[in-house]
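Enquirer: Have a look at this one.
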Amino acid sequence: MSTTTVLVINCGSSSLKFSVLPLEGETPLLSGLAERLGLDNAAITFKDEAGKTTQLLAQPTHHCALQTLFAVLAEKALLSSLCATGHRVAHGGSEFQRSVLLTPAVIDQIRQLAPLAPLHNPANLIGIDTALALLPALPQVAVFDTAFHQTLPPEAFTYAIPLEYRERYKIRRYGFHGTSHRFVAAEAVRLLDLDPQDHGLVIAHLGNGSSLCAVRNGQSVDTTMGMTPLEGLVMGTRCGDVDFGAMAYLATCSGQPIEALGEMANNRSGLLGLSGLSSDCRTLQEARAKGDARATLAIDVMVHRLARHLGGQFAALHRLDALIFTGGIGENSVLVRELTLARLEIFGFRLDRNRNQAITGGAAGTISADDSPTVMVIPTNEEKMIAQDAARLAAAPER
């Protein structure tokens with residue numbers, strides 16, 4: 001069989017998401033998730049045109065999950081069709097400005113960057129090391145969440161703390177969701193027939209993790225996430241921007257160490273912390289409709305912060321051709337889009353309610369009124385972007 005597919009791996013600390021994507025086409029031939037890795041009930045789920053199947057893993061390890069995956073790929077005659085494996089890697093620091101073919105030197109650099117993303121890069125490396133051990137002859141490619149934002153100018157990526165910290169400890173803004181922002185930006189240029197060399201977009205990737213990105217002529221020039229994915233917008237469990245003085249005061253009052261406050265800010269804040277109910281926007285919208293005050297406050301705080309940051313992203317552009325919503329919330333929450341655009345009327349934005357109601361569930365389209373700057377919903381496809389990069393580099397490695 002000709003090599004016509006790419007295996008995409010997104011490895012977390014206790015999970016492993018995968019898909020086999022054809023080079024021509026949109027629908028995965030096989031996809032799935034191994035979850036609860038490290039626990040006795042670890043399992044792997046496969047999904048294809050025949051439906052879903054789930055099986056317990058013989059061992060609750062990433063190695064066993066990938067062994068099981070490769071056995072299924074061989075059984076379905078997909079293993080021989082692979083031309084490359086693409087690995088999502090959270091943090092590439094300032095060292096990686098684009099996707100790269102994995103070599104021992106690159107893997108060592110990713111390992112050295114682990115302190116910048118201690119929850120993500122070590123898990124990504126587990127997937128990389130295991131895949132290389134099991135399929136050593138297959139080209140492996142790293143696609144970095146941070147790479148697209150390496151075009152940020154110094155005034156956008158530098159924190160206003162003593163400059164020697166940036167040089168000594170690499171403390172600066174890196175940005176994330178770059179693969180999604182890059183995909184959506186290219187789709188917007190295509191769908192709106194924009195000049196690739198002269199356009200301005202602001203992309204709102206809204207999901208359990210959320211970030212904005214200002215794209216000028218195909219390049220990221222500002223974004224809301226920082227050195228870590230904690231900065232910026234209110235998210236599912238992350239607090240987003242918080243006054244450092246408030247956190248220092250909380251540490252004094254509560255006696256909590258910095259590690260505990262970091263855990264709280266990442267895992268028990270955001271929509272979950274505000275609502276006391278859920279980190280899922282859908283659940284909060286249902287509770288809001290029933291009059292739940294905390295769910296209402298959670299969504300209002302999220303939308304207020306979103307609108308405020310959008311205004312800042314507009315300021316990074318020379319022109320604005322479109323505001324784009326994407327991600328699980330951006331693609332599906334009619335309410336969040338409506339509330340957000342109501343706060344942006346000072347910029348001339350006007351919502352067409354009928355258009356907004358019609359765009360959910362993976363649909364793309366314009367939701368703004370005819371007399372408004374363009375607002376669109378464009379579904380993201382990070383896996384397709386990873387597959388394209390992997391196939392390109394496998395065919396013609398960059399030197």
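Enquirer: Where both partners of a DSSP beta bridge lie in the chain, what percent of those bridges are antiparallel, to the nearest 5? Intermediate values should be presented prior to the final figure.
Expert: Working: 40 of 58 bridges.
Counting DSSP beta bridges with both partners in the chain, the antiparallel share is about 70 percent.
Enquirer: Give the whole-number value, in cubic angstrom per residue, of the convex hull volume spanned by the C-alpha atoms of region 68-195.
Expert: Values: hull volume 17.7 nm³, N = 128.
Expressed per residue, the convex hull around the Cα atoms of region 68-195 is 138 Å³.
Enquirer: Given +1 on the Cβ of Lys and Arg, -1 on the Cβ of Asp and Glu, and no further charges, what dipole in debye does the chain carry about its Cα centre, rounded to the nearest 20? Write out the running numbers ahead of the final one.
Expert: Values: 33 positive and 39 negative charges, 71 e Å.
The dipole magnitude comes to about 340 debye.
Enquirer: How long is region 1-115 along each principal axis, judged by its Cα atoms, biggest number first, in Å?
Expert: 43, 38, 21
Enquirer: Please list, short to long, the whole-number percent of alpha-carbon pairs of region 238-338 in consecutive 10 angstrom bins beginning at zero.
Expert: 13, 37, 31, 17, 2
Enquirer: Probe radius 1.4 Å, ligands and nucleic acids ignored: give me the carbon and sulfur share of the accessible area of the chain as a rounded percent. Provide the component values of the computation, followed by the final result.
Expert: On the way: 9720 of 18240 Å².
Within the chain, the accessible surface is 53 percent carbon and sulfur.
Enquirer: Amide H of S220: which non-local residues (sequence gap of 5 or more, or other chain) have their own amide H closer than 5 Å, using H built in the peptide plane?
Expert: Amide H neighbours of S220: T151.
Enquirer: Please identify every one of the trypsin sites (Lys or Arg not before Pro) in region 5-107 that sits in a loop by DSSP and has no more than 16 other beta carbons within 10 Å of its own beta carbon. Present the calculation step by step, with values, prior to reporting the outcome.
Expert: Values: sites: K17, R36, K47, K52, K76, R88, R98; in loops: R36, K76, R98.
Sites meeting the loop and neighbour criteria: R36, K76, R98.
Enquirer: Multiply the residue separation of T374 and Y169 by 0.36 nm, subtract the distance between their alpha-carbon atoms, and state the gained length in nm to one decimal.
Expert: On the way: separation 205, 0.36 × 205 = 73.80 nm, distance 4.11 nm.
Here the answer is 69.7 nm.
Enquirer: In a solvent-free Debye calculation with one equal scatterer on each Cα, what is log10 I(q)/I(0) for region 203-276 at q = 0.20 Å⁻¹, listed in the order of the q values?
Expert: Log10 I(q)/I(0), no solvent term: -0.85.
Enquirer: Count the lysine pairs in the chain that are 8 or more places apart or on different chains: how many have C-alpha atoms under 19 angstrom apart? Before the final figure, lay out the partial values.
Expert: On the way: K17/K47; K17/K52; K17/K76; K17/K384; K47/K76; K47/K384; K52/K76.
Here the count comes out as 7.
Enquirer: As an exercise, use a Förster radius of 45 Å and the Cβ-Cβ distance of Q357 and E49 to find the FRET efficiency, rounded to the nearest 0.05. Working shown, then result.
Expert: Details: r = 31 Å, r/R0 = 0.69.
Rounded to the nearest 0.05, the efficiency is 0.90.
Enquirer: If you project the alpha carbons of the chain onto their three principal axes, what span does each projection cover, largest first, in Å?
Expert: 57, 54, 47
Enquirer: Specify the residue with the greatest mean-square fluctuation among A84, A65, A358, computed from a Gaussian network of the chain linking alpha-carbon atoms under 10 Å apart.
Expert: A358
Enquirer: Something else about it: Round to the nearest 0.05 the FRET efficiency obtained for T252 and I161 when R0 = 25 Å and r is the Cβ-Cβ distance. Present the calculation step by step, with values, prior to reporting the outcome.
Expert: Numbers: r = 21 Å, r/R0 = 0.83.
That pair, T252 with I161, gives E of 0.75.
Enquirer: To continue, here is another question. What's the longest piece of the chain with no exposed GluC sites (Glu not before Pro), counting a site as exposed if DSSP puts it in a loop and it has at most 13 other beta carbons within 10 Å? Don't skip to the end; give the middle numbers.
Expert: Working: sites that count: E24, E26, E49, E398.
Answer - 50-397.
Enquirer: So if we plug the beta-carbon distance of A133 and E75 into 1/(1 + (r/R0)^6) with R0 = 25 Å, what FRET efficiency do we get, rounded to 0.05?
Expert: Values: r = 20 Å, r/R0 = 0.81.
That gives a FRET efficiency of 0.80.
Enquirer: Springs between alpha-carbon atoms under 10 Å, Gaussian network over the chain: tell me which of L39, L271, L310 tops the mean-square fluctuations.
Expert: L39
The values are calculated or read from the model by the stated rules, or taken from the named source; none is laboratory data. Keep in mind that this is a model prediction, so the values were computed, not measured. Counting neighbours? That spans all protein chains shown, and the Cβs are built from the backbone with ideal geometry, glycine included. All accessible areas refer to the heavy atoms of the entire protein, side chains included, with ligands and DNA or RNA removed. Shrake-Rupley method; radii C 1.70, N 1.55, O 1.52, S 1.80 Å.
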